[in-house]
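Accompanying notes for the structure given below.
The values are calculated or read from the model by the stated rules, or taken from the named source; none is laboratory data. Keep in mind it's a predicted model, so treat the numbers as computed, not measured. Reconstructed Cβ throughout: ideal geometry from the backbone, glycine too, with neighbour counts over all protein chains shown. We work out accessible area using only protein heavy atoms, side chains counted, and drop any ligands, DNA or RNA first. Shrake-Rupley method; radii C 1.70, N 1.55, O 1.52, S 1.80 Å.
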Amino acid sequence: MADPRLPALGPDDVAPDARTIFETYLKERGNIPNMFRTAGARSQHLATMIAHFRTVMNEGTVPPLLKELLSVRVSHLNQCRY
């Protein structure tokens, strides 16, 4: 697997508004998913991505755990680090 072209940023590497989002994820999940850490360089993109992710994961009839398992499996099949 090749190294990513964009770095996965941490809370100390991003703008204050993105840091707030990261801190929220740390409180909720105990980690910051790599896909969000990669988008952290662009705060507005990160905020839009989070809103979309929350809508997909929290609405509908498919249980969130199954959605998460499916996303992990698809990422694995595509050799994606996140």
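Computed from the C-beta positions of D3 and A51, the FRET efficiency with R₀ = 25 Å rounds to 0.30. Highest average first, the peptides 31-42, 60-71 ordered by how many other beta carbon atoms sit within 10 Å of their residues are 31-42, 60-71.
Backbone amide hydrogens, once placed in the peptide plane, bring L9 within less than 5 Å of T38, G40, excluding anything fewer than 5 places away on its chain. For the chain, the solvent-accessible area of protein heavy atoms averages 75 Å² per residue (probe radius 1.4 Å; ligands and nucleic acids excluded).
Solvent-accessible area of the chain (1.4 angstrom probe, protein heavy atoms only): carbon and sulfur portion equals 57 percent. In the chain, the DSSP-assigned H stretches of four residues or longer account for a calculated mean residue ellipticity at 222 nm of -19000 deg cm²/dmol, using -39500 (n - 2.57) per stretch and the full residue count as denominator. For a paramagnetic label modelled on S75 (point 7 Å from Cα along Cα→Cβ), amide N atoms under 11 Å away belong, within segment 14-49, to 32-38.
Each of the peptides 17-23, 47-53, 72-78 was scored by the mean count of other Cβ atoms within 10 Å over its residues; in descending order, highest first, they stand as 17-23, 47-53, 72-78. Taking Rg and Dmax of the Cα atoms in Å as calculated from this structure, the corresponding entry among [x] 13.3, 37; [y] 13.5, 41; [z] 12.4, 43 is [x].
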